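The values are calculated or read from the model by the stated rules, or taken from the named source; none is laboratory data. Note that this is a predicted model, so its numbers are computed, not measured. Glycine also receives a Cβ, built like all others from the backbone with ideal geometry; neighbour counts cover every protein chain displayed. The area values use the complete protein model at the heavy-atom level, side chains included, leaving out ligands, DNA and RNA. Shrake-Rupley method; radii C 1.70, N 1.55, O 1.52, S 1.80 Å.
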Amino acid sequence: MRIDGARDRWAAALFASASLMIMALPLLMLVEVVGAGLPRLSLEFLYAPPMDAGRAGGIGPMIVSTLAILAVCLCAALPVGLGCALYLAECVPAGSRAARALGYSLDVLGGVPSIVFGLFGYRLFAIELGLGFSILSGGLTLACMVLPLLIRVSEEALRATPPSYRQAAAALGLSQGGFLRRVLVPAAAPGIAAALILSVGRALAESAALLFTAGYVTRLPDSVFDSGRALAVHIYDLSMNVAGGEGGAATTAVVLVGLLTLINLCARRLGQALHRMQRA
Amino acid sequence: MKACEGAAPAGITLDEVTVRYGAHIAIERASFAVRPGELMALVGPSGCGKTSLLNAINRLSDLIPGCTVTGNIAVGGRDVRAPDTRLTALRRQVGMVFQLPNPFPLSVAENLRFPLREHGVSNRDERDRRTEEALRAVGLWEEVKGRLGQPAQALSGGQQQRLCIARTLALGPEVLLFDEPCSALDPLSAGVIEALITGLKGRYTILLVTHNLPQARRLADTVAVCWVSEGCGCVVESGPCGVLFERAAHPITRAYCGGEVG
Ligand SMILES: Nc1ncnc2c1ncn2[C@@H]1O[C@H](COP(=O)(O)OP(=O)(O)O)[C@@H](O)[C@H]1O
Ligand SMILES: [Mg+2]
């Protein structure tokens, strides 16, 4: 690309520095957090229970609670989300009034602040359904929260598959179920994995919605009916309520970032494996 | 390979068939018949409704929102739009091959095995046998027998098109609809496909859409000529290949088949 004239050069420089800044900001944050948190990171920190309100000890119970909440969230959100996405992609014609209305309401739901989902989850799961402050309440609330995003991104992935697959399946008189299972979903698997990664990221980062639902007990939960404190809630608590808790908060943040990276890698692998597997 | 070995395949009859997209008429009052085992070439300029007509025969038109078909279409004497017509059975009886090869993103072998399984061929050996038989019928077996497990998308365009034909043949159809099967291929691959269609003649009732008039002349028993007038398509003339190319009645046919316009 050729750039003519001084004004264009100025504009190019402006855009370049803006994008540099955008890239630098999260990097700086990461360096800051890792710098502050890494010194205290040890194997013991990963499994020991917290002591002195989290100023000392580790985060073992929180890691377990976080993974349990995430598992509940995904077990509920994945089947429902994939089902909705399949329905939207298969049964609602793109660009139709129904597709626009449904898409719009999903986008609005996706933009609702998480604290609102927290209040909703507290009312529905903790009070009305009698689940109380529990891993189950928290996970189900997070499922509601990530569903709009999960549905939207999966639907896009399903719609982005070549229409020639559907044309071929129809001309061969194949059943819709067989076509979905064998061709469409595997073909969209990498995109669905991306939707999953985004949802997991959002769920792991959530603290506000979990305060009202999963609670903030630091004990190791015995079952999904017990209350448990997620890592993000722990970070929030240490930095807001515990004097001298910043060090612990930073180390927990490092663990959270590490966990997120690990889950992303796994989801991506899984998507690619599914994509390849369908050829066998 | 055919559903009923020995017996003549089903013929096609179209009577005053009109295909509309909303208010727009794609093709109006098309009437012609393809007798059992005959090959009819459907020729005419782009946009005159050839694809729309094919889609009406195997009812792919059901899938297009706003598309309506009126008139009578019979395959083997049975109305394709009768309430008791089962779509899966109709589409097994009437196979279709498209302009762009459209293999599934599966392995070469699975592209045939998967539709066979869907159509109730539950025995694995039987599926493998029919897969091999169909791949041999399109002359692809020797080329791909060493890489049946590899992705179909890795085959060349011509091989993919033959794979799609094999996929259709494996289900044992009686009628084959070809929608410009050669026009996205290089001349060499197009020649291979043409030879393949020549080999299928007689055993199947074939309706072949083509832009290639010399090809129509080489392959067809009968020809139907479509044209667009005032924005809507129609069949101007149909009849035996020789008659249409030598002594056409209609001036448009004479001009088109004589290579003056189109
Ligand atoms: N899905 C569709 N929706 C609306 N109009 C269509 C659609 N498909 C084809 N048409 C219109 O119908 C006419 C015939 O198209 P087509 O059957 O594809 O012609 P051909 O195959 O002879 O080129 C064209 O005017 C085209 O614009
Ligand atoms: Mg066409």
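Worth pointing out:
- Solvent exposure, largest accessible area first (probe 1.4 Å, DNA, RNA and ligands not counted), of B:Arg117, B:Arg136: B:Arg136, B:Arg117
- Per residue of peptide B:96-104, the mean number of Cβ atoms on other chains within 10 Å of the residue Cβ is 5.
- Sorting A:7-18, A:140-151 by average packing, meaning the other beta carbons within 10 Å per residue, from highest down gives A:140-151, A:7-18.
- Within the protein assembly as shown, antiparallel bridges make up roughly 60 percent of the DSSP beta bridges whose residues both belong there.
- By the helix-only formula, in which each DSSP H run with n ≥ 4 contributes -39500 (n - 2.57) and the sum is divided by residues, chain B has a 222 nm mean residue ellipticity of -9500 deg cm²/dmol.
- Largest first, the residues B:His119, A:His234, B:His24 sort by 1.4 Å accessible area into B:His24, B:His119, A:His234.
- Helical mean residue ellipticity (222 nm; -39500 (n - 2.57) per DSSP H run of 4+; nearest 500) of chain A: -23000 deg cm²/dmol
- The range B:189-262: trypsin sites (Lys or Arg not before Pro) in DSSP coil with no more than 16 other Cβ atoms inside 10 Å: B:Arg247
- Counting every pair of alpha carbons in the protein assembly as shown, the share spaced more than 34 Å apart comes to 55 percent.
- With the convex hull of the Cα atoms taken as the outline of chain A, the averaged projected area works out to 20.9 nm².
- Each peptide in B:170-181, B:9-20 receives the mean, over its residues, of other Cβ atoms within 10 Å, and ordering these scores from highest gives B:170-181, B:9-20.
- Surface share of carbon and sulfur [accessible, 1.4 angstrom probe, percent] for the range A:41-279: 68
- Projected area, mean over directions - the range A:70-210, Cα convex hull, nm²: 8.9
- Highest mean packing first, where packing is the average number of other Cβ atoms within 10 Å per residue, the peptides A:206-217, A:163-174 line up as A:206-217, A:163-174.
- Neighbouring partner chain Cβ atoms per residue of B:83-95, average, 10 Å criterion: 2
- Pairing chains A and B buries close to 1900 square angstrom of accessible surface in total, based on protein heavy atoms and a 1.4 angstrom probe.
- Helix B:187-200 vs. chain B, principal-axis angle (Cα, 0 to 90°, nearest 10): 90
- Taking all protein chains together and a 1.4 Å probe, the residues B:Lys50, B:Lys145 rank B:Lys145, B:Lys50 from largest to smallest accessible area.
- Average accessible area per residue (Å²) across the range B:12-257 - probe 1.4 Å, nucleic acids and ligands excluded: 40
- Per residue, the convex hull spanned by the Cα atoms of chain B measures out at 126 cubic angstrom.
- Per-residue mean of foreign Cβ neighbours for B:112-119 is 4 (Cβ atoms of other chains, 10 Å radius).
- Coarse-grained scattering of the range A:130-280 at q = 0.11, 0.15, 0.16 Å⁻¹, given as base-10 log I(q)/I(0) from a Debye sum over alpha-carbon atoms: -0.58, -0.87, -0.93
- Projecting the Cα positions of A:Ala253, A:Trp10, A:Leu20 onto the charge dipole of chain A (unit charges on Cβ atoms of Lys, Arg, Asp and Glu, taken about the Cα centre) puts A:Trp10 furthest along the positive direction.
- Chain-alone versus full-assembly comparison, the range A:154-173, residues with accessible loss of at least 10 Å² (1.4 Å probe): A:Ser164, A:Tyr165, A:Gln167, A:Ala168, A:Ala170, A:Ala171, A:Leu172, A:Gly173
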